[in-house]
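Beneath this line is the structure, given in structure tokens, with notes to follow.
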Amino acid sequence: MRLLCADDEPDIRTILSLALSLEPTFEAEFFDSGAALLERAAAGPADAVLLDAMMPGMDGYETCRRLKANPATAHLPVVFLTARAQRNELDGALGVGAIACLTKPFDPMTLAGELLAVLQG
């Protein structure tokens, strides 16, 4: 399963890379912005998107809106990864088309399994 992941924090991208490598079905690509992820998503096949909600410039919400507005990427399931676990954050993510929210800080040993469970329904 090819995942496209965007987070503006280099340390989080490194930890995500290690965490997601624990699930052999995941092939993850990492981006430092929503704009870079959108460009890659439009260029070719992917199976799912993992987005940081809070990024400078284009945040995860706007990135998700644009993914869902593009017929070439609208089908991609989007999962948010956010430090804000309030109900309004979850509602906001679901409102722009995400299927779920996972919270930061996350457990690197269990994140891949949690994401796989969400993506498998």
Among Val78, Val49, Val96, residue whose mean-square fluctuation peaks in a GNM of the chain (springs only between Cα atoms under 10 Å): Val96
Computed FRET value (nearest 0.05) for Glu29 with Gln120, which takes r as the C-beta separation and R₀ as 30 Å: 0.90
Helical contribution to [θ] at 222 nm, DSSP H n ≥ 4, -39,500 (n - 2.57), averaged over the chain, rounded to 500: -12000 deg cm²/dmol
Förster radius 25 Å - calculated FRET efficiency between Met109 and Lys68, Cβ distance, rounded to 0.05: 0.20
Cα-based Rg / Dmax (Å) for the stretch 1-55: 10.6, 28
Inter-centroid distance (Cα atoms) of the stretch 1-48 relative to the stretch 87-121, Å: 14 Å
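Taken together, the values in this text are just the output of simple stated rules run on the coordinates, not laboratory data. Keep in mind the model is a prediction, meaning the values are calculated, not measured. So basically every Cβ, Gly included, is an ideal-geometry build from the backbone, and we count neighbours across all protein chains shown.
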